[in-house]
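S.K.: Here you go, one structure.
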Amino acid sequence: MARSTGKDAHALFHALRSAYPATPTNLKIIDLYVGFSVFTALTQVAYMAIVGFPFNSFLSGVLSCIGTAILALLRIQVNKENKEFKDLAAERAFVDFVLCNLVLHLVIMNFLG
Amino acid sequence: MGRGNLGGGFALLILVVSSIYQAAAIFHPISDSHRSAALDLFTPVHHGSFSSSLEEAYEALRTFEILGIIENKPDVGAATCHTVSETFRSTSSTSKDLYHASKVNSILKCDVDSKVFEGVVSRLQAAVSDAGSLLDFYYSIGSLVLIKDRTSKEDLHLVDAEGVFHSIKALSQSDGRWRYSSNNPESSTSAAGFALEALAGVVSLASSEIDQSMIGTTKSDILKLFDSIEKYDDGAFYFDEKVVDASDHQGPLSTTSSVVRGVMAFAAVASGSLNLPGDKILGLAKFFLGIGIPGDAKDFFNQVNSLACLESNRVSVPLILSLPATVLSLTKKTPLEVRVNTVLGSNAPPLSVNLVRASNSGSKGASIIENQELKFDPENAVYILDVLPKGVDVGKYVFVFEVVLHDSELKKVYVTGGQTQVPIFVTGVIKIDNAEVAVLDSDLGNIEIQKKLDLAGENAVSLSANHLEKLRLSFQLTTPLGHAFKPHQAILKLIHETKVEHIFMVGSSGKQFEIVLDFLGLIEKFFYFSGKYDMQLIVGDAVMENSFLQALGNVELDLPEPPEKAPRPPLPVDPYSRYGPKAEISHIFRSPEKRPAKELSLAFLGLTFLPFIGFLVGLLRLGANLKNFPTSAVPATFAILFQLGIAAVLLLYALFWLKLDLFTTLRTLGFLGAFLMFVGHRTLSHLAATSAKLKSA
């Protein structure tokens, strides 16, 4: 059972690797952005593991990274191949992204202290 | 017969109770202690002059002049006169400076050139006609009056006296107070004093008589002002400002002295009499005298100057009844002495002092004396009652005196205050006799041992008792007149060898004082300590001249053994440690949190930027470009504005973190957000339109 799961994961991974260059450029940019923010979050976690102080700033920093990463996942609205979102313009997704990011940053700035 | 007596007694009771409304108090006129205090308080700052301020120099000189000690300070004259002539000569002196200079000049009588005076007079006349506020009038008119007196220029007159009178009067309020200027709506009681003094100056400087109706209205203003007078319980009357402005609050002393100066100055120049009630004038005198000796130079000046105004004024001169000693001793047979003086201590006109009533503070209503006249001793100027009446025993009394002027015409000039109540203490030697201490058998009360005590001399009785017996101490206290006496303190103290003390109060019935200590009930209180107890008797009172603390001897007590859980006496507290400094408390502050090493933090800062760089690199590799950026003018502007808008919001957030608070941030964010929405909508709709065109095309 584990072996088959392992093989399925492998196959999945392979499929992803081969299909990825086919995605349009702007989607790639967004993916890159998500990767960047996740990395920053990981860096902060590592710092916190070493130092442990101040906690509220850490929370605020990590939340900002994760939050913006999640919002960037609004990219599903941009992908033309998704059936549900065909009628919506890509720009609308972008506006959603910008506004939600602004609110998120206000909150984390307050919490940063 | 009985009913008549009852009615008379009742009436007397009512009279006494109603007269107790005015509390008994003593006021003393100015005396030598005032003079020596003045010499200490007003010392020249440096040799030759009293500080650089002419106002303070004037206050010092006037105080010495009133107290009659100005001859003691001859060396201040030269330097102060120099300052005075400088002030007169200088063209930049304000009318306030000229006022203080003329005040000093009137006391020191400096040698000033008459031409200088002429220049000053013309400047002051101009100041009067230009005056805008009350104080401008006050200073310039005051200076003119003083200069006129000094130079005795009979032809120095105010240019338009009636007009000036009107202008000052215009600032008065309906309740008798005055405003400082027409711009200032607040009225003040001190301002009323200044205004009345200025009006008095106008009247004396007028070439022709001022209209009597105006003087009449000013007199009624004074009466209205006196309606707002306030009172202390001891009979002192004073003025205080209605509005309490913490920064500028003058205090009742300066307010009252300002009013007294003004009223007396006006009364001196106004024809006809000012119908002020005499008891209020007496009350004002009592207020100033009740202060005692002030510690502040300005307060001292205000007190002494106001008393000088009251000393010889045209309304009514207060006469103060004072007693040099209020404690009379029956053993020494001290005579009762009463003085009647003016406020500054001068002699009063011929009068007689009657002791109307003397009543014991304890038993209300019973009066011992009826109308005894005091003998006058012209050498010392005192009224003496040589022999106290027979009914006066030790205790606290209230004596009621009445001052009667011989010449009834003088009743209009002087005010004596009717009946004055004075508290008097009468002390004497209390007789103690029949003192004895006994040990009694508990059950039947039989006396086992009995010893007589001589409480006037030494005693060293030695008794012994066990816990089944009682100790009894008894004695009798009698006043010189043979009445029962209850002292403030009648205490029996038992002190053990270990210095543990026990205190008992001695009860009384009539003249007999007795205490019985039942040792059976006191075993626990004595902590089961057997052994020798020293006995001490303390009897004391304020009116008892022979209060004593006597050692009576000792008693050997035999108490049973203490059980396991016997109470221990409290440990003797070292008096020095009890009232001395306590141990120092070292505060434990929350230790500041451990901060990481600076280098580590900086390293991680660098690490945080790494993903960002990675992002930029990735962008370049993917070939991200700004191709879709609109090139034509209007959409381009919107696009730029959009980018700028977002940059502005991010900047706002940075500022918010650094120093702004949430509310200003939210406010600004609201504006920016609205702007951003508008611009963004335009840009993005444009972009959407172009891409749609592309798609369809």
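The values are calculated or read from the model by the stated rules, or taken from the named source; none is laboratory data. Owing to the predicted nature of the structure, the values given are computational and were not obtained by experimental measurement. Please note: Cβ atoms are built from the backbone with ideal geometry, for glycine as well, and neighbour counts cover all protein chains shown. To get the accessible areas, we keep the full protein, side chains included, count just its heavy atoms, and leave off ligands, DNA and RNA. Shrake-Rupley method; radii C 1.70, N 1.55, O 1.52, S 1.80 Å.
S.K.: If you project the alpha carbons of segment B:193-254 onto the principal axes, what extent comes out on each, in Å, largest first?
M.R.: 44, 27, 17
S.K.: I would also like to ask the following. Output the peptides B:158-171, B:607-620 sorted from most to least packed, where packing is the average of other Cβ atoms within 10 Å over each peptide's residues.
M.R.: Details: B:158-171: 17.4, B:607-620: 14.2.
Highest-to-lowest ranking by the protection proxy: B:158-171, B:607-620.
S.K.: Now for a separate question. Using the basic label-point model (7 angstrom from Cα toward the beta carbon), what is the residue B:314 to residue B:666 distance in nanometres?
M.R.: In this crude spin-label approximation the distance works out to 7.3 nm.
S.K.: Quote the relative contact order of segment B:422-486 in percent (integer), defining contacts as alpha-carbon pairs under 8 Å separated by 6+ residues.
M.R.: Answer for segment B:422-486 is 42 percent.
S.K.: Are there residues in segment A:33-49 whose accessible area shrinks by at least 50 Å² when all protein chains are included rather than the chain by itself, and which are they (probe 1.4 Å, ligands and nucleic acids not counted)?
M.R.: The answer is A:36, A:43, A:47 - residues whose exposure falls by at least 50 Å² when every protein chain is included.
S.K.: What is the gain in length, in nm to one decimal, between residue B:644 and residue B:551 on full extension, counting 0.36 nm per residue of separation less the C-alpha to C-alpha distance?
M.R.: Details: separation 93, 0.36 × 93 = 33.48 nm, distance 10.06 nm.
That pair, residue B:644 and residue B:551, stretches by 23.4 nm at full extension.
S.K.: Here is a further query. Mind putting a number on the dipole of the protein assembly as shown about its Cα centre? Charges go on the C-beta only, +1 for Lys and Arg and -1 for Asp and Glu, and I need it in Debye to the nearest 20.
M.R.: Around 4960 debye, computed over the protein assembly as shown.
S.K.: Same structure again: Can you give me the pair-distance distribution of chain B, C-alpha pairs, 10 Å bins, whole percents?
M.R.: 2, 10, 13, 12, 10, 10, 10, 10, 9, 6, 4, 2, 1, 0
S.K.: Grab the other residues whose beta carbon is less than 15 angstrom from that of residue B:267, score K and R as +1, D and E as -1, and report the net.
M.R.: Result for the local shell: +2.
S.K.: Let's test the formula: R0 of 60 Å, r as the Cβ-Cβ distance of residue A:100 and residue B:583. What FRET efficiency results, to the nearest 0.05?
M.R.: The pair residue A:100/residue B:583 has a calculated efficiency of 0.50.
S.K.: For segment B:31-156, report the accessible area per residue in Å² (1.4 Å probe, heavy atoms, rounded to an integer).
M.R.: Here the per-residue accessible area is 47 Å².
S.K.: With viscosity set to 1.002 mPa s at 20 °C, what whole-number translational diffusion coefficient in µm²/s follows for the protein assembly as shown from Stokes-Einstein and a Kirkwood radius over Cα pairs? Before the final figure, lay out the partial values.
M.R.: Working: Rh = 38.7 Å.
Approximately 55 µm²/s, per Stokes-Einstein.
S.K.: If I measure Cβ to Cβ between cysteines in the protein assembly as shown, which ones have no partner under 4.7 Å?
M.R.: Within the protein assembly as shown, the cysteines lacking a partner Cβ under 4.7 Å are A:65, A:100, B:309.
S.K.: With 28 Å as the limit, write out which pairs from B:153/B:224; B:242/B:280; B:219/B:242; B:231/B:298; B:431/B:499 have Cα-Cα distances beyond it, or answer none.
M.R.: Violating the 28 Å Cα-Cα cut-off are B:153/B:224; B:431/B:499.
S.K.: What's the magnitude of the charge dipole for segment B:267-402 around its Cα centre, counting Lys and Arg as +1 and Asp and Glu as -1 at the beta-carbon? Answer in Debye, nearest 20.
M.R.: With only Lys, Arg, Asp and Glu charged at Cβ, the dipole is about 260 debye.
S.K.: Shifting gears a bit: Length gain on complete extension for the stretch residue B:534 to residue B:53, per 0.36 nm per residue less the alpha carbon to alpha carbon distance?
M.R.: On the way: separation 481, 0.36 × 481 = 173.16 nm, distance 6.89 nm.
Between residue B:534 and residue B:53, full extension yields 166.3 nm more.
S.K.: From the helices alone, meaning DSSP H stretches of at least four residues, give me the mean residue ellipticity at 222 nm for chain B, per-run term -39500 (n - 2.57), in deg cm²/dmol to the nearest 500. Walk me through the numbers on the way to the answer.
M.R.: Details: 18 runs with 287 residues, N = 697.
Using -39500 (n - 2.57) per qualifying helix, the result is -13500 deg cm²/dmol.
S.K.: When the accessible area of each residue in segment A:91-113 is compared between its chain alone and the complete protein assembly (1.4 Å probe; ligands, DNA and RNA ignored), which residues differ by at least 20 Å², being lower in the assembly?
M.R.: Residues shielded by partner chains are A:91, A:94, A:95, A:98, A:99, A:102, A:105, A:106, A:109, A:110, A:112, A:113.
S.K.: Compute the distance from the alpha-carbon center of segment B:286-325 to that of segment B:94-167, in whole Å.
M.R.: Using only Cα atoms to place each centre, the spacing works out to 29 Å.
S.K.: Right, next: First compute the accessible area of the protein assembly as shown with a 1.4 Å probe, then give the percent of it belonging to carbon and sulfur atoms.
M.R.: Using a 1.4 Å probe with all protein chains present, the protein assembly as shown comes out at 59 percent carbon and sulfur.
S.K.: For chain B, find the longest principal axis of its Cα atoms and tell me its angle to the long axis of helix B:278-290, 0 to 90°, nearest 10.
M.R.: 80 degrees
S.K.: Once the Cα gyration tensor of segment B:284-401 is diagonalised, what are the square roots of 5 times its eigenvalues, in whole Å and ordered largest first, as equivalent ellipsoid semi-axes?
M.R.: In descending order, the three semi-axes are 31, 17, 14 Å.
S.K.: Full extension from residue B:159 to residue B:232: what is 0.36 nm times the residue separation minus their Cα-Cα distance, to one decimal in nm?
M.R.: Here the answer is 21.8 nm.
S.K.: Here's something else I'd like to know. Specify the angular offset, from 0 to 90 degrees and rounded to the nearest 10, of the alpha carbon long axis of helix B:54-67 from the longest principal axis of the alpha carbons in chain B.
M.R.: The angle comes out at about 10 degrees.
S.K.: Between residue B:599 and residue A:11, what FRET efficiency follows from the Cβ-Cβ distance if R0 is 56 Å, with the result rounded to 0.05?
M.R.: 0.75
S.K.: With a 1.4 Å probe and every protein chain left in place, work out the accessible area per residue of segment B:433-579 in Å², rounded to a whole number.
M.R.: It amounts to 56 Å² per residue over segment B:433-579.
S.K.: If you count, for every residue in B:652-665, the Cβ atoms of partner chains within 10 Å of its Cβ, what is the mean? Present the calculation step by step, with values, prior to reporting the outcome.
M.R.: Details: counts 4, 7, 1, 1, 5, 6, 1, 0, 1, 1, 3, 0, 0, 3.
Averaged over the peptide's residues, the number is 2.
S.K.: Have a look at segment B:602-617 and report residues whose accessible surface goes down by 20 Å² or more when the remaining protein chains are included, against the chain on its own, probe 1.4 Å, ligands and DNA/RNA excluded.
M.R.: Those are B:604, B:608, B:611, B:612, B:615, which lose 20 Å² or more relative to the chain on its own.
S.K.: So what is the relative contact order for chain B, in percent, with contacts set as C-alpha pairs under 8 Å and at least six apart? Write out the running numbers ahead of the final one.
M.R.: Working: 1060 pairs, mean separation 56.4, N = 697.
Relative contact order comes out at 8 percent.
S.K.: Moving on. Which FRET efficiency, nearest 0.05, do residue B:386 and residue B:224 yield, Cβ-Cβ r, R0 51 Å?
M.R.: Result of the calculation: an efficiency of 0.55.
S.K.: If you count, for each residue, the other Cβ atoms within 10 Å and average over each peptide, how do B:202-213, B:673-684 line up from highest to lowest?
M.R.: Ranked from most to least packed, the peptides come out as B:673-684, B:202-213.
S.K.: Taking a cut-off of 15 Å between Cα atoms, list the aspartates and glutamates near residue B:286, but don't count ones fewer than 8 places away on the same chain.
M.R.: Within the straight-line limit of under 15 Å, residue B:286 reaches these aspartates and glutamates: B:230, B:233, B:234, B:311.
S.K.: What's the total accessible area buried between chains B and A, using a 1.4 Å probe, rounded to the nearest 100 Å²? Could the numbers behind the result be given before it?
M.R.: On the way: alone 38720 and 8630 Å², together 44650 Å².
Between B and A, the summed buried area is about 2700 Å².
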